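The values are calculated or read from the model by the stated rules, or taken from the named source; none is laboratory data. This is a predicted model, so every value here is computed, not measured. Ligands, DNA and RNA are stripped out before the accessible areas are found, and what is left, the full protein with its side chains, is counted by its heavy atoms. Shrake-Rupley method; radii C 1.70, N 1.55, O 1.52, S 1.80 Å.
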Amino acid sequence: MPAWGVATWQHRYCFCGTPLLRADRLEVAAGEMTRELMRQGAALFLGFDSLVDGGPARGALHAAIEAEGGEELWVDAYERAAVQRRAAAHDYPTMKAKHRQELGRKRRRLEDELGAALETTDQAADPSPILSSSGAGRNS
């Protein structure tokens with residue numbers, strides 16, 4: 001039986017279809033998106049392909065669909081590979097001596113170019129953006 005619906009599209013090599021929503025207005029953004037998509041041609045369903053289960057975006061979308069009187073239906077689910085950062089650097093396997101020497105050489109060359117010693121800081125847990133020297137943009 002044919003039914004009118006609206007579904008997300010993603011490239012075949014895109015492995016995550018979770019919509020990007022502002023963290024500080026998550027519920028509002030999910031609600032507006034859901035209402036607008038449901039208004040598109042009186043859609044009978046919304047399809048989200050490769051939506052990551054769990055997490056704040058998933059929860060906000062679920063709440064928005066229920067608030068609009070919709071019902072959630074899972075068509076398919078699968079686990080995908082993901083890289084998980086280890087808790088500490090010493091949990092990683094040791095690298096070969098040749099690779100370690102090459103990294104040391106590259107570090108020394110970079111220090112020579114900079115004219116100062118390199119300082120490494122781990123800011124992975126810091127949620128605030130790091131601004132470039134021009135004050136615009138983010139460095140990763």
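For the chain, how big is the tail of P(r) above 21 Å, as a whole percent of Cα pairs? I get 65 percent for the Cα pairs in the chain exceeding 21 Å. Quick one: with all protein chains in place, what share of the accessible area of the stretch 8-116 is carbon or sulfur, to the nearest percent (1.4 Å probe)? That fraction is 55 percent. Taking all protein chains into account, the per residue accessible area for the chain stands at 86 Å² (1.4 Å probe).
Relative to its Kirkwood radius, the Cα radius of gyration of the stretch 30-91 gives an Rg/Rh of 1.15. Going by a ≥ b ≥ c, the root eigenvalues of the Cα gyration tensor, does the stretch 10-58 fall in the rounded group (a/c under 1.5), the prolate group (a/b larger than b/c) or the oblate group? In terms of gyration-tensor shape, oblate.
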